[in-house]
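**Q** Mind looking over this structure? Questions follow.
Every read-out reported here was derived from the displayed coordinates using simple, explicitly stated rules and does not represent laboratory data. Everything numeric here is computed off the predicted structure, so don't read it as measured data. All Cβ positions, glycine included, derive from the backbone under ideal geometry; neighbour counts span all protein chains shown.
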Amino acid sequence: MLILSQYFKMKNQYDYIIVGQGIAGTVLAYTFIKKGKSVLIIDDNTISKCSRVAAGNFNPIVFKRLVKSWMADDLIPFADIFYRECEQFLNQEFYWKKEIVKIFAEENEKEFWQSKTNDPNLGRYLTKLIDTDFFTNIIHNPIGATFVKDAANLFVSKFLDDFRNYFSENGMLLNEKFDYEQLKMNTDGVQYSDYSATRIIFCEGYKVMDNPYFNWIPLKPAKGEVITVRIKNLPTDKIINKGVYMLPIGDDLFIVGTTYDWQNLNDNPTEKARNEIAEKLTKLLKVPFEIVDQQAGVRPSVNDRRPVIGFHPTYKSLCMFNGMGTKGVMLSPYFAEHFYSTLEENGLLHNEVNISRFYI
Ligand SMILES: Cc1cc2nc3c(=O)[nH]c(=O)nc-3n(C[C@H](O)[C@H](O)[C@H](O)COP(=O)(O)OP(=O)(O)OC[C@H]3O[C@@H](n4cnc5c(N)ncnc54)[C@H](O)[C@@H]3O)c2cc1C
């Protein structure tokens with residue numbers, strides 16, 4: 001006997017069409033599928049490389065101001081459970097808890113850190129230990145290093161590929177560029193080509209700028225670049241941070257980043273960014289390194305640094321799940337569940353993420 005969602009799929013009728021299979025679209029699609037919703041994903045993954053370029057780290061601390069990252073106490077436990085569940089669901093491995101090693105640049109930075117370790121709001125993420133021996137044969141560490149707890153890393157491109165295979169094998173993926181001219185709204189929802197759905201949710205990252213229904217969102221996209229370098233004899237279970245982060249990915253390789261450029265919005269690696277990252281890395285390391293790769297992507301950032309989620313002001317069957325900025329890995333799972341509850345259980349959308357803050 002056919003279950004209802006399979007029947008609707010045969011008729012090309014879906015509960016949701018999701019446009020974009022970056023971190024946002026993938027997390028949203030899986031959240032809806034596990035609730036029993038039928039989903040069609042439309043993605044051409046050559047249009048934006050942002051998620052595939054992401055190192056995939058999340059950090060409960062904002063180092064610059066030494067404050068807790070927004071909603072970290074809620075987002076992190078949620079993300080932990082979510083990504084582990086994804087691993088089980090796909091029978092794959094792509095998520096690891098990894099300590100961040102913070103190398104102090106100045107004495108007063110260390111003192112400020114130490115003063116915060118007893119802060120009831122922040123202290124649970126900070127260790128008191130100051131390690132002056134941390135790989136001093138390889139790293140310049142004259143003032144000491146300390147450790148951030150509860151950080152993690154998602155191997156994003158594997159996560160996306162594994163889900164892409166799953167979506168494709170289960171007939172849920174259209175591998176094509178979405179053509180906005182083919183979208184029609186009707187009383188039951190939307191029609192796109194031969195497919196119909198109750199709602200369509202756009203997750204195109206910064207390419208939402210080309211979406212005629214949502215191009216009024218005041219995005220402030222930021223291009224970012226990373227290099228991959230080879231360095232021997234560094235730990236493989238820790239992310240090292242001082243001006244740049246170094247994420248171990250195996251075989252003595254590390255992803256090192258990152259840069260910010262608000263002008264040149266494209267996925268082309270540049271010499272300027274390579275030199276900028278390499279210069280910072282040279283200051284951090286006592287040993288030479290070999291650059292083996294470089295990648296660029298454009299982050300879908302917004303001035304207020306909050307996701308942009310919700311309904312089109314006129315066409316309520318058109319929705320958006322975007323604006324993940326620099327933190328797609330940490331934000332997406334919690335807010336996908338949150339959006340599901342708004343769409344299906346009459347939950348209220350969190351004011352700070354609600355797209356209605358930009359309605360004119
Ligand atoms: C250098 C760099 C490092 C980063 N490091 C981290 C990190 O360590 N941790 C972290 O959490 N975040 C990091 N980020 C940010 C993270 O990458 C973003 O938050 C996240 O990728 C946004 O995901 P998204 O799904 O919204 O957008 P995208 O990744 O841009 O996905 C959008 C998808 O939609 C597709 N698409 C767009 N338009 C269309 C269309 N018309 N038709 C069909 N398909 C379409 C695109 O091709 C793409 O597949 C980093 C970003 C950069 C650039």
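**Q** Just check the stretch 68-111 against the gyration tensor rule for me: Cα atoms, a ≥ b ≥ c as the square roots of the eigenvalues, rounded for a/c under 1.5, and otherwise prolate or oblate depending on whether a/b exceeds b/c.
**A** Numbers: a/c = 6.48, a/b = 2.19, b/c = 2.96.
Oblate, because a/c is 1.5 or more while a/b does not exceed b/c.
**Q** With the cut-off at 1.5 for a/c, could you classify the stretch 19-85 from its C-alpha gyration tensor as rounded, prolate or oblate? Intermediate values should be presented prior to the final figure.
**A** Working: a/c = 3.15, a/b = 1.49, b/c = 2.12.
Verdict is oblate for the stretch 19-85.
**Q** Express as a percent, rounded to the nearest 5, the fraction of DSSP beta bridges in the chain (both residues included) that run antiparallel. Each step should come with its number before you reach the end.
**A** Working: 49 of 69 bridges.
Looking only at bridges with both residues in the chain, the antiparallel portion is about 70 percent.
**Q** In percent, how large is the relative contact order of the chain, given Cα pairs closer than 8 Å and 6 or more residues apart?
**A** Working: 700 pairs, mean separation 79.4, N = 360.
Rounded, it is 22 percent for the chain.
**Q** Which value, in debye to the nearest 20, describes the size of the charge dipole of the chain about its Cα centre when Lys and Arg Cβ atoms bear +1, Asp and Glu Cβ atoms bear -1, and nothing else is charged? Could you put the intermediate results ahead of the total?
**A** Values: 42 positive and 44 negative charges, 114 e Å.
In debye, rounded to 20, the chain gives about 540.
**Q** What ranking do Phe89, Phe202 get, fewest neighbouring Cβ atoms within 10 angstrom at the top?
**A** Values: Phe89 14, Phe202 25.
The order, fewest Cβ neighbours first, is Phe89, Phe202.
**Q** Considering the dipole of the chain built from charges on the beta carbon (Lys and Arg +1, Asp and Glu -1) around the Cα centre, which of Gly347, Thr132, Asn241 is farthest to its positive end?
**A** Of the candidates, Thr132 comes out farthest on the positive side.
**Q** Only bridges whose two residues both fall in the stretch 1-145 count here: according to DSSP, what percent of them are antiparallel, nearest 5?
**A** Values: 4 of 8 bridges.
About 50 percent, rounded to the nearest 5.
**Q** Can you tell me how much longer the chain between Thr127 and Glu344 gets when fully stretched, taken as 0.36 nm per residue apart minus their C-alpha distance, in nm with one decimal? Could the numbers behind the result be given before it?
**A** Details: separation 217, 0.36 × 217 = 78.12 nm, distance 4.13 nm.
Full extension from Thr127 to Glu344 adds 74.0 nm.
**Q** Under a 5 Å amide H to amide H cut-off, with H placed in plane at 1.01 Å, what residues pair with Gly144 once short-range neighbours are removed?
**A** Phe104
**Q** How would Asp304, Asp251 line up from fewest to most surrounding beta-carbon atoms within 10 angstrom?
**A** Numbers: Asp304 15, Asp251 7.
The fewest-first ordering by Cβ neighbours comes to Asp251, Asp304.
**Q** Sort the following peptides by mean Cβ neighbour count (other Cβ atoms within 10 Å, averaged over residues), highest first: 288-295, 154-161. Please list the in-between numbers first.
**A** Working: 288-295: 14.1, 154-161: 19.5.
The most tightly packed comes first, giving 154-161, 288-295.
**Q** Output wanted: per-residue J couplings in Hz (rounded whole) for the stretch 32-38, from phi through Karplus 6.51 cos²θ - 1.76 cosθ + 1.60, θ = phi - 60°, x for Gly and Pro.
**A** With the stated coefficients, the stretch 32-38 comes to 6, 4, 6, 8, x, 7, 8 Hz.
**Q** Leaving out same-chain residues fewer than 8 places away, which aspartates and glutamates sit with a Cα under 15 Å from that of Lys316?
**A** The reachable aspartates and glutamates, counting only those whose Cα sits under 15 Å from Lys316, are Asp15, Asp188, Glu344.
**Q** On to the next question. For the chain, with a Gaussian network of springs between Cα atoms less than 10 Å apart, report the residue from Thr187, Thr127, Thr270 with the top mean-square fluctuation.
**A** Thr187
**Q** May I ask you to derive the FRET efficiency for Tyr315 and Asn264 from their Cβ-Cβ distance with R0 = 35 Å, giving the value to the nearest 0.05? Don't jump to the answer; show the numbers that get you there.
**A** Values: r = 33 Å, r/R0 = 0.95.
It comes out at approximately 0.60.
**Q** Can you return the aspartates and glutamates within cross-link range of Lys102? Criterion is Cα-Cα under 17 Å, with same-chain partners fewer than 8 residues away left out.
**A** In chain and number order, the partners are Glu111, Asp131, Asp133, Asp150, Asp237.
**Q** Can you order the peptides 166-175, 192-201 by their average number of other Cβ atoms within 10 Å per residue, highest first? Don't skip to the answer; put the middle values down first.
**A** Numbers: 166-175: 15.9, 192-201: 19.2.
Per-residue mean Cβ counts within 10 Å order the peptides as 192-201, 166-175.
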